[in-house]
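In what follows, a single structure is set out as structure tokens and then discussed.
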Amino acid sequence: MNNHPIQNRFFFVKRFIPKNIKILVVSKNQEVSRIKKLYEIGHRDFGENYVQEMIKKYKKLPKDIRWHMIGRIQSNKLKYIIPFIHLIHSVQKFKHIQIINKEASKQNRVINCLLQIKICNEKNKSGITYQKANHILEDKRYQKDMKNVKIIGLMGMASFQKKIQEIRYEFDYLKNIYNDLNKNHKHFCILSMGMSRDYPIAIEYGTTLIRLGTLIFGDRK
Ligand SMILES: *Cc1c(COP(=O)(O)O)cnc(C)c1O
């Protein structure tokens, strides 16, 4: 094969992932030229953690890329990505929804979003509880006034440790929350769980979208 090593790695990884599961390539810290290698072989979904980095790449790369925001939301910068963002995975506050809705209505867009749920006890992992997510979805202001925001599922990050049982527990928990909230909010279609180190477990537990960075690009600088 004469492919670039990144392309080969992507093809290799893809072979082991069921077709119905979406792969989001996490391109944070990666050069535009490396992202292009995957674009050339038809990949379109890329995830970034920071608004500024995403905008820089958005400007340099083809416009049919579907950009996903997966990092902690910076409320004051959110508006810059609204014209083109495909999916925001990390919504945690009603205030985020209000900002997205306001900016999206100016652009005449409906922005798909996920609520980020905290599924592990690590302090540096963010997310909200099941109760808070339910609260947001039940909020009349969301249901009536936020016409330019659509919450279509959940995102979660498992703990960073090696105990497989713990990660299973966390993914199982998220899947249960997803099913439960989906009973009343039938718009759900994306469960974003699983990263390079734990995606095979996420697949066992019903993920619909896995977020892969180092597995495709190698270790980040
Ligand atoms: C960085 C990041 C990833 C990708 O992590 P890898 O371990 O490199 O696959 C996935 N999800 C989120 C939210 C991230 O911040």
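The values are calculated or read from the model by the stated rules, or taken from the named source; none is laboratory data. From a predicted model like this one, the values you see are computed outputs, not experimental measurements. We place every Cβ from the backbone using ideal geometry, glycine too, and count neighbours over all the protein chains shown. We work out accessible area using only protein heavy atoms, side chains counted, and drop any ligands, DNA or RNA first. Shrake-Rupley method; radii C 1.70, N 1.55, O 1.52, S 1.80 Å.
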Any idea which of (1) touching a Cys at 6+ places or on another chain (Cβ under 9 Å); (2) assigned to a helix (DSSP H, G or I); (3) not polar (S, T, N, Q) is the one Ile152 doesn't satisfy?
(2)
Filtering the range 1-30 down to residues that are of a type in the set (Lys, Arg) and not in a loop (DSSP other than H, G, I, E, B), which residue is nearest to Leu191 (Cα to Cα)?
Lys22
Within the range 172-221, how many residues are assigned to a loop (DSSP other than H, G, I, E, B), open to solvent by 50 Å² or more (accessible area, probe 1.4 Å) and over 20 Å from Asp45 (Cα atoms)?
4
Subset of the range 17-36, residues away from the ligand (no atom under 14 Å from the Cβ), touching a helix residue (DSSP H, G or I) at 6+ places or on another chain (Cβ under 8 Å) and either without any contact (Cβ under 8 Å) to a residue 24 or more places away in the chain or more than 29 Å from Gly206 (Cα to Cα) (or both), comes to Val32
Note on the range 144-159: residues of a type in the set (S, T, N, Q) and within 15 Å of Lys102 (Cα to Cα) are Asn148
Let me spell it out: the conditions are (1) open to solvent by 50 Å² or more (accessible area, probe 1.4 Å); (2) under 24 Å from Asn108 (Cβ atoms); (3) of a type in the set (Phe, Trp, Tyr), and Tyr50 meets all of them except one. Which number is the exception?
(2)
Candidates Leu215, Leu209, Leu114, filtered to the one that is within 13 Å of the ligand (Cβ to nearest atom) and under 17 Å from Arg72 (Cα atoms):
Leu114
